[in-house]
1. Could I have the simple spin-label model distance between MET1 and LYS66, label points 7 Å from Cα toward Cβ, reported in nm to one decimal?
2. Using a 10 Å cut-off on Cβ atoms, rank the peptides 33-41, 64-72, 45-53 from the highest mean neighbour count down.
3. Per residue of the stretch 28-38, what does 6.51 cos²θ - 1.76 cosθ + 1.60 with θ = phi - 60° give for ³J(HN,Hα)? Whole Hz please, x for Gly and Pro, Karplus curve as stated.
4. Spelling out what I want: for every residue of the stretch 62-67, take phi, set θ = phi - 60°, compute 6.51 cos²θ - 1.76 cosθ + 1.60 (Karplus), and round to whole Hz; glycine and proline get x.
5. Add +1 for every Lys or Arg and -1 for every Asp or Glu among the other residues with Cβ under 12 Å from the Cβ of ASP25, and state the total.
6. Considering amide H positions built from the backbone, and no H for Pro or chain starts, which residues 5 or more places from CYS48, or on another chain, come under 5 Å of its amide H?
7. Please state, as a whole number in µm²/s, the translational diffusion coefficient that the Stokes-Einstein equation yields for the chain at 25 °C and 0.890 mPa s, with Rh defined as the Kirkwood radius across alpha carbon pairs.
Amino acid sequence: MAKEHCIKTIEKRDGSAKLFIMERDDGLYRFVGERLAEELGEIYWEPCDSSGFYQSADAAERAAEKEVLWLRDQISTEPS
């Protein structure tokens, strides 16, 4: 199994979710996400969004911008 490490983190404005652009040692990239969750009074990070593999970090990030709802909304409301 390929090893991977985070090369970029994108955080939701309210801090309730994060998206990580991951680089694998086989030269491929993907994104994975986490969101805050609560169960029985315990707050923790749970996995949420994830992607397939891309040839570049930019391609993985562009895919995330299309697929991850909070990221798409956050980008569309950023001032130009």
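1. A separation of 2.8 nm, rounded to one decimal place.
2. Details: 33-41: 11.8, 64-72: 16.1, 45-53: 13.8.
The most tightly packed comes first, giving 64-72, 45-53, 33-41.
3. Running phi through 6.51 cos²θ - 1.76 cosθ + 1.60 with θ = phi - 60° gives 9, 10, 7, 10, 9, x, 9, 9, 6, 9, 9 Hz.
4. Couplings: 4, 5, 4, 4, 8, 9 Hz.
5. On the way: positive: LYS3, ARG24; negative: GLU4, GLU23, ASP26.
Residues close to ASP25 contribute a combined charge of -1.
6. GLY33, GLU34, ARG35
7. Values: Rh = 13.3 Å.
Here the translational diffusion coefficient equals 184 µm²/s.
Computed from the coordinates by the stated procedures, all read-outs in this text should not be read as laboratory data. This structure is a prediction, so every number in the text was calculated from the model and none was measured. Cβ sites come from the backbone with ideal geometry, for glycine too, and all protein chains shown count toward neighbours.
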